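Asks: One structure, as structure tokens, below. Some questions next.
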Amino acid sequence: MTALVRMFQTVVKSSACFDEYEVMNNAESIVLSECLSTSGGEKYHTHLAALYLEAILQRKSVTTDNCTETTELLSKLRSLLQKSDLYRVHFILDKVRGTDLHMESAILYGKLEEHEKALHILVHELKDFHAAEEYCIWNSENRDLQYRRRLFHMLLSVYLNPGASDYALVMAAVDLLNNHAAEFDAALVLQLVPDSWSVQLLSPFLAGAVRQSIHTKRMTQAALGLAQAENLIYKYEKVKQKGTPILLSDKKVCQVCQNPFCEPVFVRYPNGGMVHTHCAANRRLNSNMAHHSSTSSNQT
């Protein structure tokens, strides 16, 4: 770990002497190694992101066209911002503000859980509706269904907030609902969509919502049936145990005192052992006293 850190520091300090692209290649090979990606790598991941960013902005200041190198750097920067949780998000976001790196801004806002800002950028700045849908999918990975639905409902609200007067936004909202019916709560959607929308426009969504509702109901009924069957099995086993006859003779003795039973009153343990009622009571009392004594000595 120490050797890798020293190597990284050497690479960074030598940036004035070597080609910028070579410095970044060396830095990323060090930073993305297993050691730095798993512990203590915040400083180095942040520095690598800053190197990417500075190189991209420098190239964009020379030409507005994205050359091959710029496109490659953008891809590496986005990959690092998405996959790494070790860099300083606020620091990189401050550097991105005021630039045309809208996709990178959306990724950073997503890391901060500021999803409305991120979706607003994707929809209104970039007008990249596919990217907005992918954003919801990417940010809800390894999350529960409610979190995923919250993101998709957020995106729908972003589409509909301006009053759905923009035809492109209307169609984006319709496509979102029809292509991702399972990600929405139908009751909430019907409260959000304009009254002017026809049933035919949302027919794929409505059909999918009905299918999902029927599927959920059937799965719930199946789970309930399995639980009832399991409960019935336990009840049967309980009745079976109660119905098993217990033979008491003068040959059987108490497992505690080893004396025979003089009266037909006894305690039977789950393992089949039988003891006198007073022996069972004394055994329980002694057990409680021993536990209390042990607890008191531990506290002391």
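The values are calculated or read from the model by the stated rules, or taken from the named source; none is laboratory data. In this text the structure is predicted, and so the values were computed from the model without any measurement. Cβ atoms come from the backbone with ideal geometry, glycine included; neighbour counts cover every protein chain shown. With ligands, DNA and RNA removed, areas are computed over all heavy atoms of the protein, side chains included. Shrake-Rupley method; radii C 1.70, N 1.55, O 1.52, S 1.80 Å.
Asks: Would you tally the residues in segment 193-211 being open to solvent by 80 Å² or more (accessible area, probe 1.4 Å) and under 18 Å from residue 175 (Cβ atoms)? Full working, then the answer.
Replies: The initial filter retains those residues of segment 193-211 that are open to solvent by 80 Å² or more (accessible area, probe 1.4 Å), namely 195-196, 199-200, 210-211.
Adding the requirement that they be under 18 Å from residue 175 (Cβ atoms) leaves 196, 199-200.
Counting residues in segment 193-211 that are open to solvent by 80 Å² or more (accessible area, probe 1.4 Å) and under 18 Å from residue 175 (Cβ atoms) gives 3.
Asks: Also, quick follow-up: Please specify each residue of segment 156-187 satisfying the condition of being under 21 Å from residue 118 (Cβ atoms), assigned to a helix (DSSP H, G or I) and open to solvent by 20 Å² or more (accessible area, probe 1.4 Å).
Replies: 157, 160, 168, 175, 179, 183
Asks: Given the condition free of Cβ contacts under 8 Å to residues at least 60 places away in the same chain, over 28 Å from residue 88 (Cα atoms) and of a type in the set (Phe, Trp, Tyr), answer yes or no: does some residue in segment 134-155 qualify?
Replies: No, because not a single residue in segment 134-155 is free of Cβ contacts under 8 Å to residues at least 60 places away in the same chain, over 28 Å from residue 88 (Cα atoms) and of a type in the set (Phe, Trp, Tyr).
Asks: To continue, here is another question. Any chance segment 141-149 includes a residue that's part of a helix (DSSP H, G or I), open to solvent by 80 Å² or more (accessible area, probe 1.4 Å) and of a type in the set (Lys, Arg)? Break it down stepwise before answering.
Replies: Here is the first cut: in segment 141-149, the ones part of a helix (DSSP H, G or I) are 145-149.
With open to solvent by 80 Å² or more (accessible area, probe 1.4 Å) added as a condition, the list becomes 145-146.
Next, from what is left, pick out any that are of a type in the set (Lys, Arg): none.
There is no residue in segment 141-149 that is part of a helix (DSSP H, G or I), open to solvent by 80 Å² or more (accessible area, probe 1.4 Å) and of a type in the set (Lys, Arg).
Asks: Against the condition among the small types (Gly, Ala, Ser), over 30 Å from residue 129 (Cα atoms) and outside any loop (DSSP other than H, G, I, E, B), how does residue 208 come out, does it pass?
Replies: The answer is no for residue 208.
Asks: A further question on this structure: Can you confirm whether residue 62 is over 27 Å from the mean Cα position of the chain (by Cα) and modelled with pLDDT of 90 or more?
Replies: Values: over 27 Å from the mean Cα position of the chain (by Cα): yes; modelled with pLDDT of 90 or more: no.
Here the answer is no, as residue 62 does not meet what is asked.
Asks: Continuing with this model, one more query. Determine which single condition residue 220 fails, assuming it passes every other condition in (1) loosely packed, with under 12 Cβ neighbours inside 10 Å; (2) under 30 Å from the mean Cα position of the chain (by Cα); (3) touching a residue at least 12 places away in the same chain (Cβ under 8 Å).
Replies: Exception for residue 220: condition (3).
Asks: Look at residue 130 and say whether it is under 30 Å from residue 85 (Cα atoms) and touching a Pro at 6+ places or on another chain (Cβ under 9 Å).
Replies: no
Okay, residues lined up against (1) in contact with a Leu (Cβ under 6 Å, 6 or more places away or on another chain); (2) open to solvent by 50 Å² or more (accessible area, probe 1.4 Å); (3) not in a loop (DSSP other than H, G, I, E, B):
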residue	(1), (2), (3)
49	yes, no, yes
57	no, yes, yes
71	no, yes, yes
78	no, yes, yes
85	no, yes, no
107	yes, no, yes
121	no, no, yes
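Asks: What are the pairs with Cβ atoms under 6 angstrom where one residue, in segment 258-277, is in a loop (DSSP other than H, G, I, E, B) and the other, located anywhere, is open to solvent by 100 Å² or more (accessible area, probe 1.4 Å)? Sequence gap at least six, or different chains.
Replies: 273/255
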